[in-house]
Amino acid sequence: MRQIFIDTETTGLSPEHGDRVVEIGCVEFVNRRLTGRTLHHYLNPQRANSADALKVHGISDEFLADKPLFAAVADELLEFIGGAEIVAHNAAFDVAFIDAELARAERTRLSAVVGKVTDTLALARELYPGKSNSLDALCRRLEVDNTNRTLHGALLDANLLAEVYIRMTRGQDSLVMETAAAHAGGHEAGPAADLSVLDLAVIEPTAEERAAHEAWLADLDKASGGRTVWRTCMA
């Protein structure tokens, strides 16, 4: 499963009224792991930042003056995100701005090239109803280090969002390898090992370890909305 965590910074709040993207950051995950591939660009919006936007991201008009136009990086962006699941916080905001930029560049809409779009804000509201679910609030709640986030930044926020998403979902792919996958390439399976002859040591946890494990289960149950199955499986 390929996912792209994406964030944008903009000149304002309304692409319908001509606000533009000034920064875009993308981080690639495959099978819930960082691949090390990123895409990051500052962009010349061909208009001034609003005062409120400048307070949020701190990217000055002077800094952006010699940066490329969105049209110059549009194909690179589409190739990077093509076929992937896009994950964004308040995804409607980022998608609207990117679609507006793609339209100006005479390129296809985001929905035509990606597999799906996942909104982590909607996910967070399901998990934590009635609570603040900004990216900063989620970092604090899920103990994600965001001490470097004095201002918003697209690539920084995309990385933080990826960590927040992993902690919110806390899923894990099966550790049991399918026989067909295990023996891909035509190799025959050897005889099954007789594990009954092994005398396995059982190390009992200390009281402190038990307490720490119970605390972790309680945290997991809270984060998953009561869907923890550990105690049921171990009963």
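More than 20 Å from residue 10 (Cα to Cα), in contact with a strand residue (DSSP E or B) (Cβ under 6 Å, 6 or more places away or on another chain) and in contact (Cβ under 8 Å) with a residue 24 or more places away in the chain: which single residue out of 116, 67 fits that description?
Of the residues listed, the single one that is more than 20 Å from residue 10 (Cα to Cα), in contact with a strand residue (DSSP E or B) (Cβ under 6 Å, 6 or more places away or on another chain) and in contact (Cβ under 8 Å) with a residue 24 or more places away in the chain is 116.
When the range 119-132 is examined, which residues are found to be crowded, with 16+ Cβ neighbours inside 10 Å and either out of contact with any His (no Cβ under 8 Å at 6 or more places or on another chain) or assigned to a helix (DSSP H, G or I) (or both)? Walk me through it before giving the result.
Within the range 119-132, the first condition is being crowded, with 16+ Cβ neighbours inside 10 Å, and the residues that meet it are 119-121, 123-124, 127-128.
Matches in the range 119-132: 120, 121, 123, 124, 127, 128.
Can you tell which of 27, 56 is among the hydrophobic types (A, V, I, L, M, F, W, C), modelled with pLDDT under 95 and outside any loop (DSSP other than H, G, I, E, B)? It would help to see each step written out before you state the result.
On the way: 27 fails: modelled with pLDDT under 95.
One residue alone meets the criteria, 56.
Which condition breaks for residue 137 when tested against (1) in a helix (DSSP H, G or I); (2) touching a residue at least 60 places away in the same chain (Cβ under 8 Å)?
Exception for residue 137: condition (2).
Output the residues belonging to the range 82-92 that are closer than 23 Å to residue 16 by Cβ and touching a residue at least 40 places away in the same chain (Cβ under 8 Å). Steps first, answer last, please.
Taking the range 82-92 first, the residues closer than 23 Å to residue 16 by Cβ are 86, 88-92.
86, 88, 89, listed by residue number.
Name the residue, out of 95, 30, 56, 73, that is of a type outside the set (D, E, K, R) and touching a helix residue (DSSP H, G or I) at 6+ places or on another chain (Cβ under 9 Å).
Numbers: 30 fails: touching a helix residue (DSSP H, G or I) at 6+ places or on another chain (Cβ under 9 Å); 56 fails: touching a helix residue (DSSP H, G or I) at 6+ places or on another chain (Cβ under 9 Å); 73 fails: touching a helix residue (DSSP H, G or I) at 6+ places or on another chain (Cβ under 9 Å).
Answer to the check: 95.
Residue-wise test of (1) assigned by TED's automatic domain parsing to the domain that holds residue 7; (2) surrounded by 13 or more Cβ atoms within 10 Å (Cβ to Cβ); (3) closer than 22 Å to residue 149 by Cβ.
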| site | (1), (2), (3) |
| --- | --- |
| 59 | yes, yes, yes |
| 66 | yes, no, no |
| 83 | yes, no, no |
| 94 | yes, yes, yes |
| 104 | yes, yes, no |
| 107 | yes, yes, no |
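For the range 103-143, give me the residue count where each residue is more than 18 Å from residue 162 (Cβ to Cβ) and in contact with a helix residue (DSSP H, G or I) (Cβ under 6 Å, 6 or more places away or on another chain). Steps first, answer last, please.
Looking only at the range 103-143, we keep the residues that are more than 18 Å from residue 162 (Cβ to Cβ), and these are 103-113, 125-126, 128-132.
Among the residues that remain, those that are also in contact with a helix residue (DSSP H, G or I) (Cβ under 6 Å, 6 or more places away or on another chain) are: 105, 107, 109-110, 113.
Summing the residues that are more than 18 Å from residue 162 (Cβ to Cβ) and in contact with a helix residue (DSSP H, G or I) (Cβ under 6 Å, 6 or more places away or on another chain) in the range 103-143 gives 5.
Can you say whether residue 167 is of a type in the set (Lys, Arg), assigned to a helix (DSSP H, G or I) and within 15 Å of the chain's Cα centre (by Cα), as far as the supplied structure shows?
Details: of a type in the set (Lys, Arg): yes; assigned to a helix (DSSP H, G or I): yes; within 15 Å of the chain's Cα centre (by Cα): yes.
Here the answer is yes, as residue 167 does meet what is asked.
Considering only the range 150-168, state which residues are touching a residue at least 12 places away in the same chain (Cβ under 8 Å) and either closer than 10 Å to residue 57 by Cβ or of a type in the set (S, T, N, Q) (or both).
Going through the range 150-168, the residues touching a residue at least 12 places away in the same chain (Cβ under 8 Å) turn out to be 151-168.
If the condition is that a residue be touching a residue at least 12 places away in the same chain (Cβ under 8 Å) and either closer than 10 Å to residue 57 by Cβ or of a type in the set (S, T, N, Q) (or both), then 151, 152, 153, 154, 157, 159 are the ones that fit.
Going through 108, 38 one at a time, which residue ends up being closer than 23 Å to residue 119 by Cβ, part of a loop (DSSP other than H, G, I, E, B), in contact (Cβ under 8 Å) with a residue 24 or more places away in the chain and of a type outside the set (Gly, Ala, Ser)?
Values: 38 fails: part of a loop (DSSP other than H, G, I, E, B).
Exactly one of 108, 38 is closer than 23 Å to residue 119 by Cβ, part of a loop (DSSP other than H, G, I, E, B), in contact (Cβ under 8 Å) with a residue 24 or more places away in the chain and of a type outside the set (Gly, Ala, Ser), namely 108.
The values are calculated or read from the model by the stated rules, or taken from the named source; none is laboratory data. All of these numbers come straight from a predicted model, not from anything done at the bench. Heads up, the Cβs are rebuilt from the backbone with ideal geometry, glycines too, and the neighbour counts pull from every protein chain shown.
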